[in-house]
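See structure below.
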Amino acid sequence: MIAVTGLMRSGTSPLAMFLHQMGVSMGTYQRFPTQNEWAHFEWEDASLADPLCSILMHPSDRDDPRRFIDSYVRRRARDASGKPWGVKTPFLLPFLDELREVCAEINEDLEIALTEREYGETIKSLRRQSSHLSEFERGGLMPTVFSIQEKLRDCWEAASEGSYLFHVDDTIKYPRMAAERLAKLAGVETDLDMAIRGFRGRGL
């Protein structure tokens, strides 16, 4: 399993696109299209991303992120039947310890691809992304989004230990290098030229 995570607007989408082009199963729920300066590609399996997002937005003692992660990982690992698979969502960032524990319990190999981008740039990108919303929508949604982003930022440094870092600028400028690293992490042999063509073909 390869998990792609990081701050919102920090380059998780390009990594997910690469993995998809390499034949790695990235889940079943695609949020597409979205306003994304790198690619109209948001592939997040709602059965994991949405519960974790809800926990981050409205924390409660009754919520157990490990339960959602356990159920998700076991199901995806079973369905994959040994084939490469992964998941991409920023909302997994605060829960990587739970993910590691679950994967260790079921002997599922885990690699974590963590994206890097300067925090101020992610905030600017979030504001650009919200420009198509009405004033009413921005007033209700954006404070929550920024609050979640702060929580993700607070988790990033600890998450970087034991993870493989992908700076968004390097991913965009040197796609072959990013593709080679991802293929190695995912344990796949693939036509890198084809993966890069597919990657660029989605509007990068």
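Which ones in the stretch 67-78 are more than 16 Å from Ala49 (Cβ to Cβ) and touching a residue at least 12 places away in the same chain (Cβ under 8 Å)? Outline the logic, then answer.
Of the stretch 67-78, the ones more than 16 Å from Ala49 (Cβ to Cβ) are 74, 77-78.
Those that are more than 16 Å from Ala49 (Cβ to Cβ) and touching a residue at least 12 places away in the same chain (Cβ under 8 Å): Arg74, Ala77.
Kindly check whether there is at least one residue in the stretch 162-180 that is of a type in the set (A, V, I, L, M, F, W, C) and modelled with pLDDT of 95 or more.
Here is the first cut: in the stretch 162-180, the ones of a type in the set (A, V, I, L, M, F, W, C) are 165-166, 168, 172, 177-179.
Subsequent filtering for residues that are modelled with pLDDT of 95 or more retains 165-166.
Within the stretch 162-180, one or more residues are of a type in the set (A, V, I, L, M, F, W, C) and modelled with pLDDT of 95 or more.
Sort through Ser60, Ser130, Ser47 and tell me the only one that's over 25 Å from Ala178 (Cβ atoms) and in a loop (DSSP other than H, G, I, E, B). Before the answer, list the steps.
Values: Ser130 fails: in a loop (DSSP other than H, G, I, E, B); Ser47 fails: in a loop (DSSP other than H, G, I, E, B).
Every option except Ser60 fails the conditions.
Can you find, within the stretch 10-23, the residue that is modelled with the lowest pLDDT among those that are more than 10 Å from the chain's Cα centre (by Cα) and surrounded by 24 or more Cβ atoms within 10 Å (Cβ to Cβ)?
Met17
Scan the stretch 173-194 residue by residue and report those that are out of contact with any Leu (no Cβ under 9 Å at 6 or more places or on another chain), in a helix (DSSP H, G or I) and surrounded by fewer than 14 Cβ atoms within 10 Å (Cβ to Cβ).
If the condition is that a residue be out of contact with any Leu (no Cβ under 9 Å at 6 or more places or on another chain), in a helix (DSSP H, G or I) and surrounded by fewer than 14 Cβ atoms within 10 Å (Cβ to Cβ), then Lys173, Met177, Lys184, Asp193, Met194 are the ones that fit.
Which residue out of Leu204, Leu114 is modelled with pLDDT of 90 or more, surrounded by 18 or more Cβ atoms within 10 Å (Cβ to Cβ) and either closer than 26 Å to Ile69 by Cα or not hydroxyl-bearing (Ser, Thr, Tyr) (or both)? Can you show your working first?
Details: Leu204 fails: modelled with pLDDT of 90 or more.
Of Leu204, Leu114, the one residue that is modelled with pLDDT of 90 or more, surrounded by 18 or more Cβ atoms within 10 Å (Cβ to Cβ) and either closer than 26 Å to Ile69 by Cα or not hydroxyl-bearing (Ser, Thr, Tyr) (or both) is Leu114.
Considering only residues of the stretch 27-44 that are buried (at least 21 other Cβ atoms within 10 Å of the Cβ) and at pLDDT 60 or above, which is nearest to Ala179 (Cα to Cα)?
Per the criteria, the residue is Trp43.
Got a sec? Which of Ser60, Ser81 is within 15 Å of Gly187 (Cβ to Cβ) and either without any contact (Cβ under 8 Å) to a residue 24 or more places away in the chain or crowded, with 20+ Cβ neighbours inside 10 Å (or both)?
Working: Ser60 fails: within 15 Å of Gly187 (Cβ to Cβ).
None of the other options fit; the residue is Ser81.
Restricting to the stretch 156-172, name every residue that is assigned to a helix (DSSP H, G or I) and buried (at least 18 other Cβ atoms within 10 Å of the Cβ). It would help to see each step written out before you state the result.
Narrowing the stretch 156-172 to residues assigned to a helix (DSSP H, G or I): 156-160, 168-172.
Listed by number, the residues that qualify are Trp156, Ala159, Val168, Thr171.
So, in the stretch 74-93, of the ones that are touching a Leu at 6+ places or on another chain (Cβ under 7 Å) and among the aliphatic types (A, V, I, L, M), which residue ends up nearest to Val4 (Cα to Cα)?
Filtering first and then ranking leaves Val87.
The values are calculated or read from the model by the stated rules, or taken from the named source; none is laboratory data. What you see is a predicted model, and the numbers here were worked out from it, not measured in a lab. Neighbour counts are summed over all protein chains in view; Cβ atoms, including those assigned to glycine, are modelled from backbone coordinates with ideal geometry.
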